[in-house]
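Enquirer: Right, I'll just put the structure down here and ask away after.
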Amino acid sequence: MVHDDNAVTRLAAAVSRMPTWAYRSMVRVMVECRASSFASFGTSRLMPSDDGKYVLWAAGSGVVSSSTSLRLLSASTLSAPVSSDTRKVPWDDARRIVVDAYSEFSDEAGAIVARFFDDNWIDGPVRPDKRTGAFCATTVPGVHPYVLMNYTGDRRSILTLAHELGHGLHGVLAQPLGLFNSSTPLTTAETASVFGEALTFELLLANEDDPRRRLDLLTGRIEDAIATTFRQIAMNRFEHAVHTERRDQGELSPERIGELWLEAQNALFADSVSTEGYMPWWSYIPHFTGTPGYVYAYAYGYLFSLAIYRRYLSEGETMVEPYLDLLRAGGSRSPEELAQLVGLDLTDPAIWASGIDALAEELDEAERLAGELGLG
Ligand SMILES: [Zn+2]
């Protein structure tokens, strides 16, 4: 992994001098991530898969095509599944996997997560008329969190379960702080969920010997990571461009907004994805109008959590209590102070590079597997 630290520093300095509609420091984080992404995922690579599908790792986009011959991908084929594996994991097995993943990290965390199952704090099954999606509702002190999800038995569903139980663990641990200090701002809200997903993903991967299914696991994880980091960063740059131009030039036409959207998306996809017909697609992101400036927090939170996870991988046991202390602190301290609890300095751009390094290692492993399978 090579990072262009000079580019990061230069861009960060340039942005810090700019007037910006969003929090300046957050935008700087985005630029840092973005600069790293260019260094890390600078080239487009193609990997045909076993059944005639092709996987393309573009400049930070990591996209999948179901085409039967090499061609430029269209935006509408992004994130199509690479695998035809349709095995289902029963709920009880998913429960065992997730509780094991948390328990291997910490007995206390495992016991809290197990309570969600034992005490029926999870609405898991798919039912007619049930709302879609997944979330963890942490309400008021004295009431335990609830998880809602739609468990379908695929491995993505297991990771969703692990994700929501991370929120649940965070909620339970921070609850003694009371109403005003327990809930977190969005920047740190995904810390426990992404961390729990990482623990569970590692367990799934460790238990999977079949190289093709390992590759499938890895590509799914990389896709998720890219959607949560690089894609959100590109969206943040789009928002920034729109708000800046609106301030400077007045009302913008839908066409102009579409052009700015395409500029940001083309920078993300480089020349690997055709964005023909993609111009109006900015309009399907509700955050742009409902909660402007929100998308940065996905990338921020995800990389923050991955950086903590990497520190756990290198430090081992000694990180367990400090990490649980971080969760126990809920939203009572700033992200910088919380990071200090686990020995991380949020003012150091290296922390973001660390999160991106984690993704790059998974990408390397996916490529190695693809090569081993004769798909590279
Ligand atoms: Zn979440």
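Enquirer: For the stretch 260-277, check the following and say yes or no: at least one residue is in the same structural domain as ASP107 (by TED's automatic domain parsing) and under 19 Å from the mean Cα position of the chain (by Cα).
Expert: Within the stretch 260-277, not a single residue is in the same structural domain as ASP107 (by TED's automatic domain parsing) and under 19 Å from the mean Cα position of the chain (by Cα).
Enquirer: Now a separate question. Sort out which residues of the stretch 170-201 are closer than 20 Å to VAL113 by Cα and more than 14 Å from the ligand (Cβ to nearest atom), and write them in order of number.
Expert: The answer is VAL172, LEU173, ALA174, GLN175, PRO176, LEU177, SER182, LEU199, PHE201.
For every residue, the table says whether it meets (1) modelled with pLDDT of 95 or more; (2) within 24 Å of GLY220 (Cβ to Cβ); (3) assigned by TED's automatic domain parsing to the domain that holds THR191; (4) not in a strand (DSSP E or B).
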site: ARG96; (1), (2), (3), (4): yes, yes, yes, yes
site: VAL99; (1), (2), (3), (4): yes, yes, yes, yes
site: ALA114; (1), (2), (3), (4): yes, no, yes, yes
site: PRO125; (1), (2), (3), (4): yes, yes, yes, yes
site: VAL140; (1), (2), (3), (4): no, no, yes, yes
site: TYR151; (1), (2), (3), (4): yes, yes, yes, yes
site: SER157; (1), (2), (3), (4): no, yes, yes, yes
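Enquirer: Looking only at residues in the stretch 133-147 that are within 15 Å of the ligand (Cβ to nearest atom) and surrounded by fewer than 16 Cβ atoms within 10 Å (Cβ to Cβ), which one is farthest from ASN207 (Cα to Cα)?
Expert: Among those that are within 15 Å of the ligand (Cβ to nearest atom) and surrounded by fewer than 16 Cβ atoms within 10 Å (Cβ to Cβ), it is ALA137.
Enquirer: Follow-up. Filter the stretch 308-331 down to residues that are hydroxyl-bearing (Ser, Thr, Tyr) and surrounded by 16 or more Cβ atoms within 10 Å (Cβ to Cβ), then give me how many there are.
Expert: Total satisfying the criteria: 3.
The values are calculated or read from the model by the stated rules, or taken from the named source; none is laboratory data. Please read all numbers here as calculations on a predicted model, not as lab measurements. Don't worry about glycine lacking a Cβ; one is built from the backbone with ideal geometry, like all the others, and counts go over all protein chains shown.
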